[in-house]
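Trainee: Following this message is one structure expressed as structure tokens.
The values are calculated or read from the model by the stated rules, or taken from the named source; none is laboratory data. As the structure is a prediction and not an experimental result, all values here were calculated from the model. Note: ideal-geometry Cβ built from the backbone for every residue, glycine included; neighbour counts use all protein chains shown.
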Amino acid sequence: MIYRFSVLSGSASIAALAAAMLPAAALAQNVPSTAPDDVDGIIIVTAQGRNATNVINGGNAGVLGDKVAEDLPFAIRSYDESLILNQQPQTLGDVLENDPTIRTSFGFGNAAELFIIRGFPLFGDDIGVNGLFGIAPRQLVAPQLYGSVQVLNGASAFLNGAAPGGSGLGGSVNLVLKRAELRDLNRFTLNYAETAQFGGSFDVSRRFGNADQWGVRINGAYRDGETSINEEYRRTRVIGGAVDYDGGRFRAAADLAFQEIRVDNLRPKVTIASAAVPAVPEADANYAQDFTYSELRDVFGTLGLEYDLAENALLYAKAGARDGREDGIYGGITVFDAVTGAANGTALFVPRTDNNEAVEAGLRVNLGDAITHEINFGGNAVWQVNRNAYDFLYGPNFAGFATNLYDTPQVALPSSTFVGGDLGDPFPIVKTRLSSVFASDTIGLAGDSVLLTGGLRLQSIDVTGFSYATGEEETSYSENAVTPVAGVVVKPVEGLSLYANRIEALQQGPSAPLDPALVTNPGAILAPRRSVQYEAGAKLRLGAMFLSAGAYQIERPGEGILPDGSFGYLGDQQHKGLEFTANGSLAPGLRIIAGAAVTDAEFEGGAEVPGVPGFTANADVEWDLGIAPGVTLTGRVVHTGEQWVDAANTLEIDDWTRFDVGARYVFVAAQRPVTLRVSVDNVTNERYWASAFDTFSSALLQGEPRTVKASISADF
């Protein structure tokens with residue numbers, strides 16, 4: 001049935017990049033095609049196969065449902081939990097490092113990860129969980145709770161609705177919480193990461209009932225200690241549980257999760273106020289102040305219901321909620337002498353809470369025979385209340401304190417300079433309500449070898465802003481718009497899928513920075529804006545390989561600081577690009593995740609958008625070593641091109657290339673598989689500015705130093 005989840009595990013490769021990572025890849029042809037006869041050998045081969053890192057070519061396409069990539073006029077792929085287990089990522093950004101079309105930076109002044117897709121940011125506020133906005137933790141996401149990280153490139157206002165945080169124009173990410181598998185699972189893992197971070201995790205799954213209709217899965221993780229950046233400490237605690245029921249026509253699932261992350265002495269981004277780009281400090285250098293920290297706590301969950309009204313009709317509903325709390329003193333460093341590293345330091349205290357709810361319901365009907373129709377009707381809504389306050393700790397006259405990028409002194413916390421809101425009990429600052437209704441029809445012709453999709457979504461964005469000084473309503477707007485979608489998929493031969501789409505985006509307007517030294521209208525919210533995307537491409541499934549290529553163009557109103565010093569819409573941006581991705585098995589036991597992207601992002605007038613590299617490329621390789629049963633070698637190369645630092649295109653950071661290596665070994669203890677993993681990220685300890693992307697200023701994010709990670713997992 002079309003409305004049932006059905007994504008196939010496909011694959012593909014980039015031979016040149018693979019050869020750069022593993023010159024001896026051809027030896028994989030010698031991997032035996034059958035398992036050993038002894039019991040231990042069978043256990044090893046089975047466990048090694050289950051540990052294989054794969055990409056699923058398909059995922060959640062919003063109101064169109066779960067689809068294989070070949071049936072969608074969009075680029076979509078999913079990274080499953082095997083990748084998360086094998087690579088031991090700390091954050092969602094570590095997972096998305098595997099995607100050649102995505103690069104990661106931080107938000108303004110703190111550890112909030114944002115993701116650059118097609119040259120546009122995707123904020124943590126706009127990450128989906130089980131297809132719902134506003135439910136994911138806002139700044140940092142610990143990936144251990146999720147069974148899949150799904151990436152959809154391009155605008156998705158029709159598919160998902162307008163993103164409540166105003167981002168996501170270049171692509172979206174949806175996180176799927178873990179659910180019970182058909183086989184029983186009892187897995188315990190111990191972790192280590194350089195310099196002195198230790199932890200562990202557990203994952204237990206069961207199915208019950210005479211037809212395994214009930215499922216329960218509980219998993220959690222804990223990590224604590226110093227990272228590979230000098231004097232930076234991170235603690236992560238997560239636990240999640242899911243109960244699902246599959247009674248045939250009726251299906252239900254409930255998820256509940258808790259996440260707590262604390263970061264002390266976070267190495268901040270570096271704002272550039274010098275006439276040149278400063279040299280990159282030592283790879284593990286930390287120019288943070290000891291008084292800086294960020295503490296994040298989130299409780300969130302979802303409920304999903306499905307009922308088959310008939311064999312061709314599905315009624316569904318889902319809801320979710322999140323209660324989030326943030327507290328931190330965020331540090332900033334602004335370099336004004338690139339040679340000596342002389343800089344000015346600042347601090348900002350921000351307490352914040354968020355209360356979000358989201359619902360969606362719809363009906364999906366399949367009709368026809370020679371000519372088929374998949375018809376979708378429904379609606380959704382998101383409610384968000386943000387309470388926050390701020391205290392600019394800049395000292396007298398906003399002067400800040402003297403510091404240095406290369407030889408950072410520790411200073412006392414500066415005195416309060418400017419306070420907004422109630423620091424002890426923050427009151428609402430922004431209330432957001434987004435609602436929409438949608439309808440679409442996918443028409444299948446010639447045995448579904450031609451799929452035509454058309455749809456409309458009527459969207460409403462209502463935002464109310466309140467004064468930091470009094471808590472009284474200060475600004476409000478209400479905007480309605482119809483955002484259409486048109487797409488076509490043509491399958492001329494088996495395994496080949498050609499596609500094209502036109503889709504619009506409706507975004508909540510961006511917010512001006514809070515710092516009155518940067519703009520004259522701090523905290524102001526701009527009116528919503530609309531953008532248009534055109535895209536065409538091809539997807540090819542060739543045996544155990546899957547390749548995709550696409551070209552796109554996106555136009556939208558830009559934002560920035562106007563001549564009068566205020567924050568507002570400034571000119572237009574046009575982004576054009578080419579993307580190529582590949583994943584799968586080159587040969588038995590040899591797997592690859594790879595790709596490249598070319599991006600041309602320009603403002604009106606010809607200046608290039610800062611922080612958007614013109615070229616990015618990745619290649620992840622895994623090789624099950626046939627001559628040594630149970631051994632898997634891994635390698636990854638990540639390349640990012642030059643990036644402009646400033647809007648005037650006078651400062652530029654160099655391109656960079658990073659190499660990661662690792663290995664896994666599966667052995668048997670008491671008739672149970674045990675897996676040892678070790679990896680070294682940035683094996684050459686390369687020093688580099690990783691990103692120049694920043695929403696409000698010219699700021700640089702330094703790349704991570706060499707990091708050794710190890711883990712041991714046992715399945716019982």
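Trainee: Quick one: which strands (runs of 3 or more DSSP E) lie wholly within region 49-91 and hold at least 2 residues that are modelled with pLDDT of 95 or more, of a type in the set (A, V, I, L, M, F, W, C) and closer than 17 Å to Phe158 by Cβ?
Mentor: The strands (runs of 3 or more DSSP E) meeting that bar are 75-80.
Trainee: For region 367-415, which positions are of a type in the set (Ser, Thr, Tyr) and closer than 30 Å to Pro281 by Cα?
Mentor: Once the filter is applied, which keeps residues that are of a type in the set (Ser, Thr, Tyr) and closer than 30 Å to Pro281 by Cα, region 367-415 yields Tyr394, Thr403, Tyr406, Thr408, Ser415.
Trainee: Of the residues Gln533, Gln553, only one is surrounded by 17 or more Cβ atoms within 10 Å (Cβ to Cβ) and touching a strand residue (DSSP E or B) at 6+ places or on another chain (Cβ under 6 Å); which?
Mentor: None of the others qualify; the one that does is Gln533.
Trainee: In addition: Looking at Gly332, Gly368, Gly328, Gly362, which is the one that is surrounded by 18 or more Cβ atoms within 10 Å (Cβ to Cβ), closer than 30 Å to Gly455 by Cα and not hydrophobic (A, V, I, L, M, F, W, C)?
Mentor: None of the other options fit; the residue is Gly362.
Trainee: Quick one: which residue in Gly606, Gly614 is surrounded by fewer than 22 Cβ atoms within 10 Å (Cβ to Cβ), at pLDDT 95 or above and either closer than 28 Å to Ile117 by Cβ or in contact with a Ser or Thr (Cβ under 6 Å, 6 or more places away or on another chain) (or both)?
Mentor: Going through Gly606, Gly614 in turn, just one is surrounded by fewer than 22 Cβ atoms within 10 Å (Cβ to Cβ), at pLDDT 95 or above and either closer than 28 Å to Ile117 by Cβ or in contact with a Ser or Thr (Cβ under 6 Å, 6 or more places away or on another chain) (or both): Gly614.
Trainee: Out of Val621, Val598, Val612, which single residue is in contact with a Gly (Cβ under 8 Å, 6 or more places away or on another chain), without any contact (Cβ under 8 Å) to a residue 40 or more places away in the chain and among the β-branched types (Val, Ile, Thr)?
Mentor: Every option except Val598 fails the conditions.
Trainee: For Tyr330, are the conditions met, namely being within 22 Å of Phe133 (Cα to Cα), touching a Gly at 6+ places or on another chain (Cβ under 9 Å) and in contact (Cβ under 8 Å) with a residue 24 or more places away in the chain?
Mentor: No, not satisfied.
Trainee: Restricting to region 569-595, name every residue that is on the phi > 0 side of the Ramachandran plot and either modelled with pLDDT under 95 or touching a Gly at 6+ places or on another chain (Cβ under 7 Å) (or both).
Mentor: Listed by number, the residues that qualify are Gly571, Gly584, Gly589.
Trainee: Yes or no: region 387-399 includes at least one residue that is under 30 Å from Leu72 (Cβ atoms), surrounded by 15 or more Cβ atoms within 10 Å (Cβ to Cβ) and acidic (Asp, Glu).
Mentor: No: zero hits.
To keep it simple, each residue is scored yes or no on (1) β-branched (Val, Ile, Thr); (2) touching a residue at least 24 places away in the same chain (Cβ under 8 Å); (3) over 21 Å from Glu555 (Cβ atoms); (4) surrounded by fewer than 21 Cβ atoms within 10 Å (Cβ to Cβ).
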{"position": "Ala446", "(1), (2), (3), (4)": "no, no, yes, yes"}
{"position": "Leu451", "(1), (2), (3), (4)": "no, yes, yes, no"}
{"position": "Ala469", "(1), (2), (3), (4)": "no, yes, yes, yes"}
{"position": "Glu474", "(1), (2), (3), (4)": "no, no, yes, yes"}
{"position": "Ser478", "(1), (2), (3), (4)": "no, no, yes, yes"}
{"position": "Val485", "(1), (2), (3), (4)": "yes, yes, no, no"}
{"position": "Leu506", "(1), (2), (3), (4)": "no, yes, no, no"}
{"position": "Pro513", "(1), (2), (3), (4)": "no, yes, yes, yes"}
{"position": "Pro516", "(1), (2), (3), (4)": "no, yes, yes, yes"}
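Trainee: Here is a further query. Residues in region 162-183: is at least one charged (D, E, K, R) and closer than 30 Å to Gly331 by Cβ?
Mentor: no
Trainee: Working only within region 574-610, note down all residues that are in contact with a Leu (Cβ under 9 Å, 6 or more places away or on another chain) and in a loop (DSSP other than H, G, I, E, B).
Mentor: Within region 574-610, Gly589, Glu604, Pro610 meet the criteria.
Trainee: Just one of Asp99, Asp94 is part of a loop (DSSP other than H, G, I, E, B) and under 11 Å from the mean Cα position of the chain (by Cα); which is it?
Mentor: Being part of a loop (DSSP other than H, G, I, E, B) and under 11 Å from the mean Cα position of the chain (by Cα) holds for just one of Asp99, Asp94, which is Asp99.
This table checks each residue for (1) surrounded by 24 or more Cβ atoms within 10 Å (Cβ to Cβ); (2) among the acidic types (Asp, Glu); (3) touching a Phe, Trp or Tyr at 6+ places or on another chain (Cβ under 7 Å).
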position	(1), (2), (3)
Gly128	yes, no, no
Phe133	yes, no, no
Val151	yes, no, no
Ser156	yes, no, no
Ala162	yes, no, no
Leu169	yes, no, yes
Ser172	yes, no, no
Arg183	no, no, no
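Trainee: Give me the pairs: first residue in region 166-189 and within 30 Å of Ala155 (Cα to Cα), second residue assigned to a loop (DSSP other than H, G, I, E, B) and among the charged types (D, E, K, R), beta-carbon distance under 9 Å, and six or more apart or on different chains, which are they?
Mentor: Leu169/Arg118; Gly170/Arg118; Gly171/Arg118
Trainee: Take the residues of region 671-716 that are closer than 30 Å to Arg206 by Cα and assigned to a loop (DSSP other than H, G, I, E, B): which is farthest from the chain's Cα centre (by Cα)?
Mentor: Of everything passing the filter in region 671-716, Gln671 is farthest from the chain's Cα centre (by Cα).
Trainee: Looking at region 206-234, which of its residues are more than 22 Å from Glu704 (Cβ to Cβ) and crowded, with 18+ Cβ neighbours inside 10 Å?
Mentor: If the condition is that a residue be more than 22 Å from Glu704 (Cβ to Cβ) and crowded, with 18+ Cβ neighbours inside 10 Å, then Arg207, Gly215, Arg217, Asn219, Gly220 are the ones that fit.
Trainee: Is it true that some residue in region 629-636 is surrounded by fewer than 22 Cβ atoms within 10 Å (Cβ to Cβ) and of a type in the set (Lys, Arg)?
Mentor: no
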